[in-house]
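*Asks:* Encoded as structure tokens, here's the structure I'll be asking about.
The values are calculated or read from the model by the stated rules, or taken from the named source; none is laboratory data. Because the structure is a prediction, the values reported are computed rather than measured. Quick reminder, even Gly has a Cβ in these numbers, built from the backbone with ideal geometry, and neighbours come from all protein chains shown. Ligands, DNA and RNA are excluded from the accessible area calculation, which covers all protein heavy atoms including side chains. Shrake-Rupley method; radii C 1.70, N 1.55, O 1.52, S 1.80 Å.
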Amino acid sequence: MQQYSRTQIKAPKFQIKEWDYYLVVGDDCAVAFTLSDDGYVGLQSVSLLDFSGEPWEHTETRMLA
């Protein structure tokens, strides 16, 4: 099994892109989370999705220097 180690990446730190994406789905709705570190900027995002009736989606994103 391979193990991820950021220290083994030969690119400069500002070129390393890391992110996690999580999705929790129910019958009528879902919530999605995105967390990323792009070396020079971070991002946190949450999306709410409603599948009942007319589909609806709302996303809030926060970027960090």
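*Asks:* I'd like the accessible area for Val41, computed on protein heavy atoms only with a 1.4 Å probe and all protein chains in place. Round to 10 Å², please.
*Replies:* For Val41, solvent-accessible area is about 30 Å².
*Asks:* Which one, (i) 16.0, 49; (ii) 13.1, 40; (iii) 11.6, 41, gives Rg and Dmax of the Cα atoms in Å as derived from the coordinates shown?
*Replies:* Comparing each candidate, only (i) matches the computed number.
*Asks:* Can I ask one more? Percent of accessible area on the chain owned by carbon and sulfur, 1.4 Å probe? Please list the in-between numbers first.
*Replies:* Working: 3150 of 5570 Å².
Using a 1.4 Å probe with all protein chains present, the chain comes out at 57 percent carbon and sulfur.
*Asks:* If you filter the chain for trypsin sites (Lys or Arg not before Pro), then keep DSSP loop positions with at most 16 other Cβ within 10 Å, what is left?
*Replies:* On the way: sites: Arg6, Lys10, Lys13, Lys17, Arg62; in loops: Lys10, Lys17.
Those satisfying the criteria are Lys10, Lys17.
*Asks:* Rounded to whole Hz and in sequence order, give me ³J(HN,Hα) for segment 48-65 from the Karplus expression 6.51 cos²θ - 1.76 cosθ + 1.60, θ = phi - 60°, writing x for Gly and Pro.
*Replies:* 10, 10, 10, 9, 7, x, 7, x, 9, 8, 9, 10, 10, 10, 10, 10, 10, 6
*Asks:* Would you mind getting the accessible area per residue of the chain, heavy atoms of the protein chains only, 1.4 Å probe, in Å²? The partial results should precede the final answer.
*Replies:* Details: 5570 Å² over 65 residues.
Using a 1.4 Å probe on heavy atoms only, each residue of the chain averages 86 Å².
*Asks:* Please identify the chymotrypsin sites (Phe, Trp or Tyr not before Pro) of segment 1-63 that satisfy two criteria: DSSP loop assignment and at most 15 other Cβ atoms within 10 Å. Which are they?
*Replies:* Loop-located and lightly packed - Tyr4, Tyr40, Phe51.
*Asks:* Right, another one. Provide the per-residue ³J(HN,Hα) series for segment 26-39, in order, calculated from phi with Karplus coefficients 6.51, -1.76, 1.60 and θ = phi - 60°, each as a whole number of Hz, with x at glycine and proline positions.
*Replies:* Those phi angles translate into x, 5, 10, 8, 8, 9, 10, 10, 10, 10, 9, 10, 9, x Hz.
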